[in-house]
1. Considering the zone a paramagnetic label at GLU212 would reach in this model (a point 7 Å from Cα along the Cα-to-Cβ line), which residues of segment 80-108 have amide N under 18 Å from it?
2. Mind grabbing the base-10 log of I(q)/I(0) for segment 86-223 at q = 0.10, 0.15 Å⁻¹? Debye formula, identical points on the C-alpha positions, no solvent, two decimal places.
3. Any idea how far apart ALA409 and ARG69 come out in nm if each label point goes 7 Å out from Cα toward Cβ?
4. If I take every Cα pair under 8 Å that is 6 or more residues apart in segment 300-505, average their sequence separation and divide by the length, what percent do I get for the relative contact order?
5. Along Cα→Cβ, 7 Å out, is where each label goes; now give me the distance between the ones at ALA350 and ALA95 in nm to one decimal.
6. May I ask you to order 425-433, 275-283 by the average number of other C-beta atoms within 10 Å around their residues, highest value first?
7. Using Cβ contacts closer than 10 Å as the measure, can you line up THR359, THR102 from fewest to most?
8. Give me the one-decimal nm value for the distance between modelled label points at ALA79 and ARG105, 7 Å along each residue's Cα-to-Cβ direction.
Amino acid sequence: MRIHQLAGTELAELWSLRPDSSLREEDPANAPAGPAGEGGRPGPVVVLESCWGSTRIERPGPHFAELLRRMTLGPVSPANVLAPFPPVLCEADAAALAPEVTALRANLASVQNCVVRTLALGGTPLLSVVPIAADARFEPCPPPADRPLRAGDRRLSRFALLHSGEHGLHLESPLSQHRVEVHHPAVGWVLGELGGGRDASAAATGRRPLEERAVTLVHAYLAAAGMTTPFDGTAYAEDSDPALTGWTPADLFLHARSRPGRTDADLGMTYPLAGRAPAQPPVKTPDGRAPVLLERPCLTRLRTDDPPFTEVLEERRSTRSFAAQDPSLGQLGELLYRAARVRAVLPPHAGDPTRSWRTRRPYPSAGSSYGLEIYVVAVRCSGLPPGAYHYDPLEHRLEPVHGDPQALADILADARSLAGMDEQPPLLVVLTSRLLRVATQFSSVAYASVLKEVGALQQTFYLVCAAMGMGACALTAGDVGAVARALGVDWLAEPSVGEIVFGLPRTVDASKESNIPPIPGSN
């Protein structure tokens with residue numbers, strides 16, 4: 001059937017349960033004490049199982065029980081169970097509904113976090129709205145007849161993302177508790193119009209592949225799903241919302257999709273790639289180049305000679321001005337040993353299908369995955385020739401890296417600029433991530449876990465530097481492409497995720513520093 005042939009076909013809403021939902025009947029004799037059914041016997045109980053848990057439905061009416069049963073099989077019109085039920089519920093006058101329809105509507109509302117609503121034209125689905133949160137609520141509301149939909153009344157949210165999914169195109173937004181599955185290209189036309197906002201061409205209306213009523217209902221579905229934002233007469237609502245001012249779409253997606261509450265995706269240590277990706281070794285395999293061996297400091301001496309922990313915390317700060325004296329290879333080795341070495345190699349977690357060996361190191365890592373790799377770029381370090389090196393935390397040694405020299409110069413220039421320095425830092429450490437090692441263990445939170453691990457390692461570096469009398473400054477961001485070329489890595493398989501510079505700090509006049517006025521409200 002061609003798109004233009006859809007016009008004039010009957011519009012209808014189809015209802016179904018999420019595919020991960022199921023029904024079971026509970027033996028009334030085992031039901032908790034409560035109001036009895038006919039004849040004094042306990043009433044029937046239906047239990048709806050879903051990813052949100054179990055919902056007990058006590059004494060469901062015959063229409064509701066039958067409709068739930070049919071909804072487990074796929075999309076169905078409630079009118080097949082209760083003839084007076086309107087084909088499109090949101091268009092009906094609630095006050096004019098028959099009592100049994102009102103009751104069924106209320107029943108459906110009680111389980112709407114498990115109900116998928118599909119708008120169909122004839123036998124052709126246009127789009128479906130799938131709840132992805134336990135408290136998801138979906139109540140589409142078309143505009144009143146005396147105020148028809150106008151171009152620019154709503155705009156597609158700047159946070160909405162359209163991508164290919166398991167069931168065709170998926171439209172998602174971190175502001176929404178639903179996912180919209182687009183089944184028909186005619187809906188894509190409507191999305192294109194919505195993307196134009198107030199600048200949408202009115203001329204497009206005459207070429208729409210859907211009749212006006214269908215377009216209005218698609219708009220109502222998208223609005224109720226939280227995929228569009230209304231125009232209030234001066235601006236679109238989300239553009240003037242102060243709570244959204246600090247969020248970019250990328251940041252808000254990462255936040256909403258890496259914590260429970262606004263996603264139905266698996267979260268946590270679920271080993272999603274078991275059987276699909278090989279287990280990653282706990283330490284990156286060296287490439288055989290002649291390594292630079294590093295000294296191992298005496299931990300017994302450090303326990304005695306180090307300053308107290310509180311002093312270390314109080315002395316932690318970012319250093320952006322380094323002394324003319326070069327840090328030594330011994331100091332670099334001590335810093336890496338104390339902050340990032342492998343303390344122990346551990347067997348896989350019980351029940352880990354990937355059988356991936358783990359390590360223990362001075363800084364924390366989710367699931368002991370430790371997917372970070374450490375690269376040292378030496379500019380001024382006595383005993384170490386200038387260049388790039390990979391740190392082997394198991395053998396405690398540096399392995400030369402031969403990447404693009406110009407890219408190496410570029411990342412050093414970036415580091416100088418980001419740190420606000422007058423000259424190149426003596427030492428630059430670049431952190432990359434073997435993301436697959438983390439992704440084989442975690443669903444949805446792999447990259448978020450990587451970023452948390454970066455922060456933990458950077459803070460560990462800071463504290464060790466404070467104890468050693470060295471200076472450090474973590475950088476905000478580096479050029480992903482330049483790092484990949486400089487280190488000879490694939491930016492997708494091993495992306496750069498953090499940078500920090502080191503050196504010996506210049507002497508600071510403590511009396512001048514103490515004269516800095518305190519921040520209001522701070523201690």
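1. 91
2. Log10 I(q)/I(0), no solvent term: -0.35, -0.80.
3. 7.8
4. 28
5. The modelled label-to-label distance comes out at 6.5 nm.
6. Peptide ranking by packing, descending: 425-433, 275-283.
7. Ordered by Cβ neighbours within 10 Å, fewest first: THR102, THR359.
8. 1.6
Quick note: the coordinates plus some simple rules give every number you see, no bench work behind them. All values derive from a computational prediction rather than experimental measurement. With ideal geometry, Cβ positions are generated from the backbone for all residues, glycine too; neighbour counts draw on all protein chains shown.
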